[in-house]
1. I want to verify a result. In a Gaussian network model of the chain, Cα cutoff 10 Å, which of these has the top mean-square fluctuation: 98, 22, 52?
2. Would the range 5-114 count as rounded, prolate or oblate if I go by the C-alpha gyration tensor, calling it rounded below 1.5 in a/c and otherwise prolate when a/b exceeds b/c, oblate otherwise?
3. Under 10 Å, Cα contacts only: if you run a Gaussian network model on the chain, which one of 65, 29, 77 comes out with the highest mean-square fluctuation?
4. Test of understanding: what is the full-extension gain from residue 23 to residue 3, defined as 0.36 nm times their sequence separation minus their Cα-Cα distance?
5. Can you sort 56, 71, 100 so the residue with the fewest Cβ neighbours within 10 Å comes first?
6. Order by neighbour count: 55, 49, fewest other Cβ atoms within 10 Å first, most last.
7. What ranking do 10, 82 get, fewest neighbouring Cβ atoms within 10 angstrom at the top?
8. Quick check: the distance between the Cα centres of the range 101-115 and the range 6-43, to the nearest angstrom?
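Bear in mind that the values in this text are calculations on the coordinates, not laboratory data. Keep in mind it's a predicted model, so treat the numbers as computed, not measured. Ideal geometry is used to build each Cβ from the backbone, glycine not excepted, and the neighbour counts take in all protein chains shown.
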């Protein structure tokens, strides 16, 4: 499978402000991992929440204040994040540029809890 990012549709996120997501590689193509792209527009945010699966993330552009458990950091383009399963995390975009990142997760049921 080879596709261009322009071939994907992005759907609004059900929680937060100014966010959208597209599944780039889903369980219909890959048996072990899913690749998703998230976009949070300037002024956007995702509330504090937990997931039942781990997340590996690579920041493509922009900056955001990210909370992972007790850690709070400003993350920027080219930063890499690991969020263990069950650990509370949130995002608040910093600045005028959209915060965009790739997120890889295992192909398992993911229970999301907004805190």
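1. Sorting by GNM fluctuation, first place goes to 52.
2. Oblate, since a/c reaches 1.5 and b/c is not below a/b.
3. Looking only at 65, 29, 77, the largest GNM fluctuation is found for 29.
4. 6.0 nm
5. Exposure proxy ranking, most exposed first: 71, 56, 100.
6. 49, 55
7. If I rank by nearby Cβ atoms, fewest first, I get 82, 10.
8. 11
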